[in-house]
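**Student:** Have a look at the structure that comes next, please.
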Amino acid sequence: MSLIEIKNLNKSFGSNLVLKDINLTVEEKQVVCLIGSSGSGKSTLLRCINLLETPNGGEIIVDGQNIMTADFDINKYRSHVGMIFQSFNLFSHMNAIQNCMVGQTEVLKLSKSEAKAISLKYLEKVGMLEFANQSVKSLSGGQKQRVAIARALCMEPRILLLDEPTSALDPEMVGEVLEVIKQLAKEGLTMLIVTHEMSFANDVADTVVFMDQGVVCEYGSPKEMFSNPKHLRTKEFLARILR
Amino acid sequence: MFFLGSKIPADLLGGSWYIYQRYAPLFWAGARTTLLISLSATIIGLIIGLIVASIRNVKFTPKDSLLSKLFKKFMHLLATIYIEVFRGTPMMVQAVFLYHGLRQYIMWSPIQAGIFIVSINTGAYMAEIIRAGIQSIDDGQYEAARSIGMNNTQAMIKIILPQAIRNAFPAIGNEFVVNIKDTSVLNVISVTELFFQSNSVAGIVFRYRDTFLVTAVIYLFLTFTTTQILRAIERKLDSPKGFGGASQSMPGNFPSLKRKEQKA
């Protein structure tokens, strides 16, 4: 059974249909990269998966459970689904380790000492251990995003959703964040990544999904997608981006 | 003692100084009451404001049942009525109406009534201040909180409100300063605050001009000191955390640099 099954998903903002009949399955331990021009609905799809946006129709089945039913425990579900934002969204009144701990103590109800040990473990993993007690305001973009990844990992997520994790970064900081994500992919974390970094997608993805105007236009292994795209729109997009 | 007024120097400054020296305990007892009421009412008002602003910030979700939607709408309406009524009527009118109106049910002293009235009046203003503070917080903070599984209340208490209060701190402090001055209207329900006491003194010595110069100076002293203390707190809140206190000689904490030095 697939970990995530999306069936005929629709989402509109007012009269603007952003997602049209999306069908997508993600297997456990798979890394899926979503590519496409801006406004194609990639981020909305990602945000629908952890219900930051409420879909208008269709089904999202995670682990055999329809997450869109009325009695579904959204908060518990979200605690198992990490989300990485383009603009980091670190809690700016806390330092790095407090950012990692607050979810564990508030949501998972761990004790402070347990939470601290887990936070230190993941801060070390993303190479931010020495900045644990530093205010997030004093960190660089790349460092902030790595703390944000540590914060998500502290919740021991089954799925990690990354919404353009490197788009807000200076070019020289993109590498350090991508390295961390590659490491996670190697360890078998299920991830959905919206990205504009094609070489990164090529390296890390099991499946690349090309979205255009709210529909899944084409998907396949990175090798097929980048060397032999079938759809005209995919060809055009890749030609523009890979110039 | 028959013509007490005749002993008082005729000029403004001399007269004021004489009156202050003679009646200092009365003035300071009034100032103490003024501070007691304005400080406690500002704190209680802040709590009321936090609650009311949180109620007004509750959002409708598509999953809400009809009943919870109606309940949320009702709470929104109550909060809005509260804010509009207490911001739209003079505190002096509120004081007279509530003090006498509720006296049938509660036997309260004027000071208790004063704290109650200033609190709910301040609460209405605080609710708007906190609402502005909440709006100043980036939506991403709320989304991040929800995305790690926090419910609405947890996200508010742990993530949004601490930042909103910090952003709104200058306005919150300003309410305190305003309250120090505005408690003077409580003299209409004979709360023995600074204005009431001054009025009594002025009645004894029959020198309104000189007495109220003393009063003005004491009010100015109270508000000026408060403003300075609030500024100091503000500066402290703004300093980035993790950069050590003022007592630390190192400008910043960069362990990575230290480690490199050791290696070299």
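The values are calculated or read from the model by the stated rules, or taken from the named source; none is laboratory data. Quick caveat: nothing in here was measured; it's all calculated off a predicted structure. Note: ideal-geometry Cβ built from the backbone for every residue, glycine included; neighbour counts use all protein chains shown.
**Student:** If I filter region A:64-108 down to residues being free of Cβ contacts under 8 Å to residues at least 60 places away in the same chain and small (G, A, S), which single residue comes out as farthest from the other protein chains (Cβ to nearest Cβ)? It would help to see each step written out before you state the result.
**Tutor:** We begin by selecting, within region A:64-108, every residue free of Cβ contacts under 8 Å to residues at least 60 places away in the same chain; these are A:65-78, A:89, A:91-108.
Now drop any that are not small (G, A, S), which leaves A:70, A:92, A:96, A:103.
Working: A:A70: 6, A:S92: 7, A:A96: 8, A:G103: 4 Å.
Among them, the one singled out is A:A96.
**Student:** Considering (1) surrounded by fewer than 16 Cβ atoms within 10 Å (Cβ to Cβ); (2) within 20 Å of the chain's Cα centre (by Cα), say which one B:Y105 fails and leave the rest.
**Tutor:** Evaluating B:Y105 over (1) surrounded by fewer than 16 Cβ atoms within 10 Å (Cβ to Cβ); (2) within 20 Å of the chain's Cα centre (by Cα) leaves (2) as the failure.
**Student:** If you take the residues of region A:157-177 that are in a strand (DSSP E or B) and closer than 20 Å to A:S119 by Cα, which of them is farthest from the chain's Cα centre (by Cα)? It would help to see each step written out before you state the result.
**Tutor:** Of region A:157-177, the ones in a strand (DSSP E or B) are A:159-163.
Okay, now just the ones that are also closer than 20 Å to A:S119 by Cα, so A:159-162.
On the way: A:I159: 8, A:L160: 5, A:L161: 2, A:L162: 2 Å.
Result: A:I159.
**Student:** Of all the helices (runs of 4 or more DSSP H) wholly in region B:58-175, which have at least 2 residues that are away from chain A (no Cβ under 14 Å) and of a type outside the set (D, E, K, R)? Steps first, please.
**Tutor:** Numbers: elements: B:66-88, B:91-102, B:110-135, B:139-147.
Answer list for region B:58-175: B:66-88, B:91-102, B:110-135.
**Student:** Does B:E193 qualify as being of a type in the set (D, E), within 12 Å of another protein chain (Cβ to nearest Cβ) and surrounded by 15 or more Cβ atoms within 10 Å (Cβ to Cβ)? Please lay out each step first, then the result.
**Tutor:** Details: of a type in the set (D, E): yes; within 12 Å of another protein chain (Cβ to nearest Cβ): no; surrounded by 15 or more Cβ atoms within 10 Å (Cβ to Cβ): yes.
No: the conditions fail for B:E193.
**Student:** Also: Kindly provide the set of residues from region B:117-145 that are free of Cβ contacts under 8 Å to residues at least 24 places away in the same chain and of a type in the set (A, V, I, L, M, F, W, C), ordered by number. Outline the logic, then answer.
**Tutor:** We begin by selecting, within region B:117-145, every residue free of Cβ contacts under 8 Å to residues at least 24 places away in the same chain; these are B:135, B:138-145.
Those that are free of Cβ contacts under 8 Å to residues at least 24 places away in the same chain and of a type in the set (A, V, I, L, M, F, W, C): B:A144, B:A145.
**Student:** Could you tell me whether A:G58 is small (G, A, S), surrounded by fewer than 21 Cβ atoms within 10 Å (Cβ to Cβ) and outside any loop (DSSP other than H, G, I, E, B)?
**Tutor:** Working: small (G, A, S): yes; surrounded by fewer than 21 Cβ atoms within 10 Å (Cβ to Cβ): yes; outside any loop (DSSP other than H, G, I, E, B): yes.
Answer is yes for this residue.
Every residue, every condition in (1) surrounded by 14 or more Cβ atoms within 10 Å (Cβ to Cβ); (2) in contact with an Asp or Glu (Cβ under 7 Å, 6 or more places away or on another chain), yes or no:
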| site | (1), (2) |
| --- | --- |
| B:L70 | no, no |
| B:E84 | no, no |
| B:M91 | yes, yes |
| B:G123 | yes, no |
| B:M126 | yes, yes |
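**Student:** Residues that are in contact with a Pro (Cβ under 7 Å, 6 or more places away or on another chain) and within 17 Å of B:M91 (Cβ to Cβ): does region B:170-185 have at least one?
**Tutor:** If we filter region B:170-185 for residues that are in contact with a Pro (Cβ under 7 Å, 6 or more places away or on another chain), which is where we start, we get none.
No, the conditions are met nowhere in region B:170-185.
**Student:** Search region B:156-169 for residues that are closer than 17 Å to A:V107 by Cβ and pair each with any residue that is aromatic (F, W, Y) and not in a helix (DSSP H, G or I) when their beta-carbon atoms are under 7 Å apart and the residues are at least 6 apart or on different chains.
**Tutor:** B:I159/A:F91
**Student:** Collect the residues in region A:108-156 that are among the charged types (D, E, K, R), surrounded by fewer than 22 Cβ atoms within 10 Å (Cβ to Cβ) and part of a helix (DSSP H, G or I), keeping them in residue-number order.
**Tutor:** Step one: filter region A:108-156 for residues among the charged types (D, E, K, R), giving A:109, A:112, A:114, A:116, A:121, A:124-125, A:130, A:137, A:144, A:146, A:151, A:156.
If we keep only those that are surrounded by fewer than 22 Cβ atoms within 10 Å (Cβ to Cβ) too, we end up with A:109, A:112, A:114, A:116, A:121, A:124-125, A:130, A:137, A:156.
Scanning region A:108-156 gives A:K112, A:E114, A:K116, A:K121, A:E124, A:K125, A:E130, A:K137.
**Student:** Follow-up question, since we're still on this one. Within region B:250-260, is there a residue that is in contact with a helix residue (DSSP H, G or I) (Cβ under 6 Å, 6 or more places away or on another chain), modelled with pLDDT under 90 and of a type in the set (S, T, Y)?
**Tutor:** Restricting attention to region B:250-260, the residues satisfying the condition of being in contact with a helix residue (DSSP H, G or I) (Cβ under 6 Å, 6 or more places away or on another chain) are B:255-256.
Within this subset, residues satisfying the condition of being modelled with pLDDT under 90 are B:255-256.
Checking the rest, the ones that are also of a type in the set (S, T, Y) come to B:256.
Checked against the condition, which is being in contact with a helix residue (DSSP H, G or I) (Cβ under 6 Å, 6 or more places away or on another chain), modelled with pLDDT under 90 and of a type in the set (S, T, Y), region B:250-260 yields at least one hit.
**Student:** Scanning for something within 16 Å of A:C100 (Cβ to Cβ), polar (S, T, N, Q), touching a strand residue (DSSP E or B) at 6+ places or on another chain (Cβ under 9 Å) and within 14 Å of chain B (Cβ to nearest Cβ), does region A:136-144 turn up at least one residue?
**Tutor:** Taking every residue of region A:136-144 in turn, none turns out to be within 16 Å of A:C100 (Cβ to Cβ), polar (S, T, N, Q), touching a strand residue (DSSP E or B) at 6+ places or on another chain (Cβ under 9 Å) and within 14 Å of chain B (Cβ to nearest Cβ).
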